[in-house]
Protein chains: 2
Amino acid sequence: MTVDSALASLADARALVARTSTAERVADAVRNEVVEGRLRPGGRLPEVALAETLRVSRNTVREALSQLVAERVLVREPNRGVFVAVPGPADVRDVYRVRLLIEPAAVRDGELAAEPSALVRVRDAVLEGREAAAREDWPGVAGANQHFHRALVGLAGSERLDQQMGLLLAEMRLVFHRMTGPTAVRAFHEPYLDRNDRIAELLMAGDREAAATQLTEYLATAERQILAAYATL
Amino acid sequence: MTVDSALASLADARALVARTSTAERVADAVRNEVVEGRLRPGGRLPEVALAETLRVSRNTVREALSQLVAERVLVREPNRGVFVAVPGPADVRDVYRVRLLIEPAAVRDGELAAEPSALVRVRDAVLEGREAAAREDWPGVAGANQHFHRALVGLAGSERLDQQMGLLLAEMRLVFHRMTGPTAVRAFHEPYLDRNDRIAELLMAGDREAAATQLTEYLATAERQILAAYATL
DNA sequence: GCATATTTGTCCGTATGTATA
DNA sequence: CTATACATACGGACAAATATG
């Protein structure tokens, strides 16, 4: 994808820019373009072009970009510009180190009593994945998978942890965008439908220890798979 | 402390502003003033005053403030300004939920082999605390305590976790600034010297499970103590 | 309750330094 | 090596929201 066509798609996203602070809305719009894959990893984001496309000032664009850099969605090369992050194997390993620490711990020790709705969201994410698969909507399956993991972390009942997980999942989408055509999306996510189901059932049955163990194995497998795919790039 | 004198202390900190990007340096300077307690929780940070004091443009100040808002060190009230965050009981509970999840998990499952220097940092933080106590330097003890917990998380060997822990500890300093005179600083941190020592010894002896259990108890106690202190405000 | 002053939010023009064709 | 493009940073402007007398 060229810079121009990427910017054109941004113009479409401009329709949805109309809520809170301008910088915030710009950040949301750009983040969306990135995680949806319409701006490829490594792609450049010139400030003036963005400002003109979104009809906002350079200052506002700079504020938005800084925020996205803090979120690791973009990277800033001083005096050169900002680019869509290109997560390497080291990033994948680091993200999975965090996920392997946080997700099973949330499943084991989460304040389930305080967060009954969180368990519902886990179940809903599983259903969402099944339905998407029935429609052969593989990006939908991938999205449901993210909702599943977000719901697992939600068991901990911590706003800060939820936010952190959001950042990690955004990074994961960048990772996926490096390994895909649509066939790869299916091949990667479909096998996890059954695993998610099993973890959800263990959770509903109250066996949190078993669910956590399953999840650990699950994450370790996914990491190996991704790193293997990276090795072939 | 008045707004004026707080801003005057910021002028002193200006000396140390001379490294990377201007906004970055401004953010560092302001963050320092906040976590050192020279800008009180709830204190207001007018953009123009900051810009004049630090001799930078208002745009640059806004960029820096936005970053600190993202870090939860400051909060922005739309069209009113930014203020030093005032963490309430709900924030304390949330922070400890995260800490109780992350810290024991890092102690249990951290990639110790990959990070031998991390264990050294744990030991060093204990020594630092002892030496500060010998000098009756109670803020020094508090600082060493933070280094201890940072080192524990460092056992996980994850850049992203280290960064997240840094934010949490910055928030903790705001919490402490709400409950202190200097006597409270001593009363709160001194008892943890022995606990830190014990955890470090268990770690060095290779009994990570026991260290993690101790740490969990430790954190739960600290949370209760803080919430109790909050109740008397 | 109203008029006024202050401050934020946003935008523009411009100067300077750095990287790249 | 020159020229160009761009990021970085600055200062000034104005409307809108807010606080104040």
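The values are calculated or read from the model by the stated rules, or taken from the named source; none is laboratory data. Bear in mind the structure is a predicted one, so any value in this text is a computation, not a measurement. Positions of Cβ are generated from backbone atoms using ideal geometry, with glycine treated the same way; all protein chains shown enter the neighbour counts.
Considering segment B:57-89 alone, what residues qualify as being within 14 Å of DNA strand D (Cβ to nearest atom) and away from chain A (no Cβ under 14 Å)?
Going through segment B:57-89, the residues within 14 Å of DNA strand D (Cβ to nearest atom) turn out to be B:57-67, B:75-83.
If the condition is that a residue be within 14 Å of DNA strand D (Cβ to nearest atom) and away from chain A (no Cβ under 14 Å), then B:Phe83 is the only one that fits.
It is to be established whether one or more residues within segment A:160-182 are under 26 Å from A:Asp109 (Cβ atoms), free of Cβ contacts under 8 Å to residues at least 40 places away in the same chain and touching an Asp or Glu at 6+ places or on another chain (Cβ under 7 Å).
Restricting attention to segment A:160-182, the residues satisfying the condition of being under 26 Å from A:Asp109 (Cβ atoms) are A:160-172.
Filter again for free of Cβ contacts under 8 Å to residues at least 40 places away in the same chain, leaving A:160, A:162-163, A:166, A:169.
When the remaining residues are screened for being touching an Asp or Glu at 6+ places or on another chain (Cβ under 7 Å), the result is A:160.
The answer is yes, given that some residue of segment A:160-182 is under 26 Å from A:Asp109 (Cβ atoms), free of Cβ contacts under 8 Å to residues at least 40 places away in the same chain and touching an Asp or Glu at 6+ places or on another chain (Cβ under 7 Å).
Looking only at segment B:183-230, which residues are farther than 22 Å from B:Arg130 by Cβ and in contact (Cβ under 8 Å) with a residue 60 or more places away in the chain? Walk me through how you get there before you give the answer.
Restricting attention to segment B:183-230, the residues satisfying the condition of being farther than 22 Å from B:Arg130 by Cβ are B:206, B:208-209, B:212-213, B:216, B:220, B:223-224, B:226-230.
The answer is B:Arg208, B:Glu209, B:Ala212, B:Thr213, B:Thr216, B:Ala220, B:Glu223, B:Ile226, B:Leu227, B:Tyr230.
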Selection over segment B:29-46 where residues are over 20 Å from B:Met179 (Cβ atoms) and either surrounded by 18 or more Cβ atoms within 10 Å (Cβ to Cβ) or over 15 Å from the mean Cα position of the chain (by Cα) (or both) yields a count of 6
Complete set of residues in segment B:54-86 that are surrounded by fewer than 19 Cβ atoms within 10 Å (Cβ to Cβ) and touching a residue at least 40 places away in the same chain (Cβ under 8 Å): B:Arg55, B:Glu71, B:Arg72, B:Phe83, B:Val86
Among (1) more than 13 Å from the chain's Cα centre (by Cα); (2) within 14 Å of another protein chain (Cβ to nearest Cβ); (3) within 24 Å of B:Asp94 (Cβ to Cβ) - the single one A:Gly166 does not satisfy: (1)
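Can you pull out every residue in segment A:125-159 that is within 14 Å of chain B (Cβ to nearest Cβ), in contact (Cβ under 8 Å) with a residue 24 or more places away in the chain and part of a helix (DSSP H, G or I)?
The initial filter retains those residues of segment A:125-159 that are within 14 Å of chain B (Cβ to nearest Cβ), namely A:152-159.
So of that shortlist, the ones also in contact (Cβ under 8 Å) with a residue 24 or more places away in the chain come out as A:152-157.
Result: A:Leu152, A:Val153, A:Gly154.
Among A:Glu33, A:Glu52, which is farther than 24 Å from B:Glu24 by Cα, away from chain B (no Cβ under 13 Å) and more than 10 Å from DNA strand C (Cβ to nearest atom)?
On the way: A:Glu52 fails: more than 10 Å from DNA strand C (Cβ to nearest atom).
The match here is A:Glu33.
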Restricting attention to segment A:105-116, which residues are more than 8 Å from every other protein chain (Cβ to nearest Cβ) and either crowded, with 21+ Cβ neighbours inside 10 Å or under 29 Å from A:Pro46 (Cβ atoms) (or both)? A:Val107, A:Gly110
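I need the full set of residues from segment A:196-230 which are assigned to a loop (DSSP other than H, G, I, E, B) and either at pLDDT 95 or above or charged (D, E, K, R) (or both), in order please. Walk me through how you get there before you give the answer.
Within segment A:196-230, the subset assigned to a loop (DSSP other than H, G, I, E, B) is A:205-207.
Scanning segment A:196-230 gives a single hit, A:Asp207.
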Can you name every residue in segment B:92-104 that is buried (at least 18 other Cβ atoms within 10 Å of the Cβ) and either touching a residue at least 60 places away in the same chain (Cβ under 8 Å) or within 16 Å of DNA strand D (Cβ to nearest atom) (or both)? B:Val92, B:Val95, B:Tyr96, B:Val98, B:Arg99, B:Leu100, B:Ile102, B:Glu103, B:Pro104
